[in-house]
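Please read the structure below before turning to the comments.
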């Protein structure tokens, strides 16, 4: 006779499945709520900092008054205009300019309006900056500068990441060798920021040897031929990308090398070596696999970090990217551009942190979503 299936075991499996689903649902809901609260706080803090708590309004009002008074004086210089008339003209022009910039509304009211629009990705219009085609829409200004930043940051940071991991893994195999000691010796050179190396490179390769351009993204006027245009961009890319790479190369290799050394000294690695497993298999199964969550986290944060650009380095090389745009926006007190760039980065960071939890569960069997047993 065939034994009947135990209904209890099926019920237990179904109950376990439902429990897992509820645990994951609770975890996702909690994470979404907490990330949204974090975004709201971060964006509102950015709005307050960009406006110095409302003090920027006073600066802008004073600048408007000074500009308008000079304009009125120039307009009425050769006319018989009374003082009262000039004063009235100035007051009307000041009121119109303050209304255009929204200064006729209290800052606290505007701050919550900025927050609401930012959370809806309604980035609005810039106060002073314009795109190359004359648009004041923050979205157009950001999208226009984005390709240049992705080219510079993508080339330098992706090369830096993969090259550092590859070299660090090789150095972890030869601990105490000449190359290992050389990387340790050169790691303090990363204390200098990228723009310092950028100025140094400009002096050597642009001013002295005159083999590379001082700055910019392409020659002026740009070449009509596509290949000539690409070659010109690549030539202009060498110095800024090189400064970003050199400034972080040795410390990045040192960090990853130390990280791999910690995992290569674990007991299970020694056991695998004692069993006579090939070194490649030991690295792949017992060193790289346990470190995958950390590697993936660093890579994910690097990818979204491409959005921010390199503010001072782009400014030094006159690179038309988001970093230089943000630097100019801060100088102009252009809050919509500052907040627009920040809110997009905040959303990218929140989505990345949210999905990383699921990626951890896929690459590491020890991790369970929602903290299940």
Two decimals is fine: what's Rg over Rh for the range 45-193, C-alpha atoms, Kirkwood radius as Rh? 1.27
How long, wide and thick is the range 171-257, going by the Cα atoms along their three principal axes, in whole angstroms, largest first? 53, 25, 19
Given a Förster distance of 22 Å, the FRET efficiency implied by the Cβ-Cβ spacing of residue 226 and residue 303, rounded to the nearest 0.05, works out to 0.20
Ranked packing of 91-100, 238-247, 206-215, most packed first, by mean Cβ within 10 Å: 238-247, 91-100, 206-215
Taking 22 Å as R0, compute the FRET efficiency from the Cβ-Cβ separation of residue 85 and residue 62 and round it to 0.05. 0.45
Per the rule of 0.36 nm per residue minus the C-alpha distance, extending residue 21 to residue 266 adds in nm 84.7 nm
Two-site label geometry, residue 37 and residue 184: point separation in nm, points 7 Å out along Cα→Cβ: 4.6 nm
Fewest to most Cβ atoms within 10 Å: 334, 267 sort as 267, 334
Relative to the longest principal Cα axis of the chain, at what angle does helix 322-332 sit, 0 to 90 degrees, rounded to 10? 40 degrees
Cut-off is 10 Å between beta-carbons; in what order do 104, 57 appear when sorted fewest neighbours first? 104, 57
What's the angle, to the nearest 10 degrees (0 to 90), between helix 226-264's Cα axis and the longest principal axis of the chain? 50 degrees
The chain - mean residue ellipticity at 222 nm from DSSP helices (-39,500 (n - 2.57) per run, n ≥ 4, rounded to 500): -24000 deg cm²/dmol
Work out how much length residue 173 to residue 363 would gain on full extension: take 0.36 nm times their residue separation and subtract the Cα-Cα distance, in nm to one decimal. 66.0 nm
Looking at the chain as a GNM with Cα springs under 10 Å, which of 355, 201, 260 has the largest mean-square fluctuation? 355
Cα-projected label distance for residue 277 with residue 136, points at 7 Å along beta-carbon direction, nm: 6.4 nm
Applying 1/(1 + (r/R0)^6) with R0 = 30 Å to the Cβ-Cβ distance of residue 78 and residue 330, what FRET efficiency is obtained, to the nearest 0.05? 0.15
Rounded if a/c is under 1.5, else prolate if a/b beats b/c, else oblate: with a ≥ b ≥ c from the C-alpha gyration tensor eigenvalues square-rooted, which is the chain? oblate
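Each reported figure results from applying straightforward, stated rules to the coordinates on display, with no laboratory input. Bear in mind the structure is a predicted one, so any value in this text is a computation, not a measurement. Backbone-built Cβ (ideal geometry, glycine too); neighbour counts: all protein chains shown.
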